[in-house]
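Worksheet for the structure shown next.
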Amino acid sequence: GKPGAGICTIISIAHLDERQRHFVLALLLSEFVAWMRRQPASSGLRALLYMDEVQGILPPHPANPPPKGPLMTLLNQGRAFGVGAWLATQNPVDLDYKALGNAGIKIVGRLITDRDRSRALEGLGVDHIEGRDADELVAGLSKREFVLYDVRAKKRLSIFSSRWAMSY
């Protein structure tokens, strides 16, 4: 490829049953951690792991499926090696609070149930956003509207909306 061009590898495990998915993920994530530890320290982003729908992968304590250990290692230590992780779920209540605590950027969309809002906002560690009750604000979000929490930004909390996207 071209110098500076990124490499993207996409692995789909949707066709596997849960036991097989956990096995494959545990192997892949363990290899990724081993590769990460061979890298020198970096302040820039060297690699990004994206996982869509992590439900059942990072469950709250005491559950400990095989991929949870290496994924928690990536979340805990990846920053020092220039490795980031972007995790997505529709069920924030099913995530380990330590995983949420390691996230530098958190994006919360419209959550309908009180339980999901409570858990997501607990993970953000906020009660108020821009002087407004956080629960009411998240409950009142429109479609494609999100609350963004960024630990590095001066204004840590903000609301943004996404535009329509077309996919063929």
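The values are calculated or read from the model by the stated rules, or taken from the named source; none is laboratory data. If you're wondering where the values come from, they're calculated on a predicted model, not measured in any experiment. Positions of Cβ are generated from backbone atoms using ideal geometry, with glycine treated the same way; all protein chains shown enter the neighbour counts. SASA here: full protein model, heavy atoms, side chains in, ligands and nucleic acids out. Shrake-Rupley method; radii C 1.70, N 1.55, O 1.52, S 1.80 Å.
Structural remarks
- The listed residues are G56, G109, and the only one of them that is on the phi < 0 side of the Ramachandran plot and small (G, A, S) turns out to be G109.
- Test: residue in segment 124-145 that is among the polar types (S, T, N, Q), touching a residue at least 12 places away in the same chain (Cβ under 8 Å) and either in contact with a Cys (Cβ under 7 Å, 6 or more places away or on another chain) or exposed (fewer than 13 other Cβ atoms within 10 Å of the Cβ) (or both): yes
- Cβ-Cβ distances below 7 Å connect the following pairs, each with a first residue in segment 72-86 that is free of Cβ contacts under 8 Å to residues at least 60 places away in the same chain, a second residue that is among the hydroxyl-bearing types (S, T, Y), and a separation of six or more residues or different chains: F81/S42; G82/S42; W86/Y50.
- Criterion (part of a loop (DSSP other than H, G, I, E, B) and without any contact (Cβ under 8 Å) to a residue 24 or more places away in the chain) met by exactly one of P66, P62: P62
The rows are residues; the columns are (1) open to solvent by 30 Å² or more (accessible area, probe 1.4 Å); (2) in contact with a helix residue (DSSP H, G or I) (Cβ under 9 Å, 6 or more places away or on another chain); (3) farther than 29 Å from S161 by Cβ; (4) modelled with pLDDT of 95 or more.
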site	(1), (2), (3), (4)
L58	no, yes, no, no
K68	no, yes, yes, yes
L74	no, yes, yes, yes
T89	yes, no, no, no
V108	no, yes, no, no
L111	no, yes, no, no
D114	yes, yes, no, no
R117	no, yes, no, no
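- Looking across segment 76-87 at every residue that is open to solvent by 30 Å² or more (accessible area, probe 1.4 Å) and in a helix (DSSP H, G or I), the one that is farthest from Q20 (Cα to Cα) is identified as A80.
- Selection within segment 12-32 - more than 18 Å from V83 (Cα to Cα) and either open to solvent by 90 Å² or more (accessible area, probe 1.4 Å) or within 20 Å of the chain's Cα centre (by Cα) (or both): S12, I13, A14, H15, E18, R19, R21, H22, F23, V24
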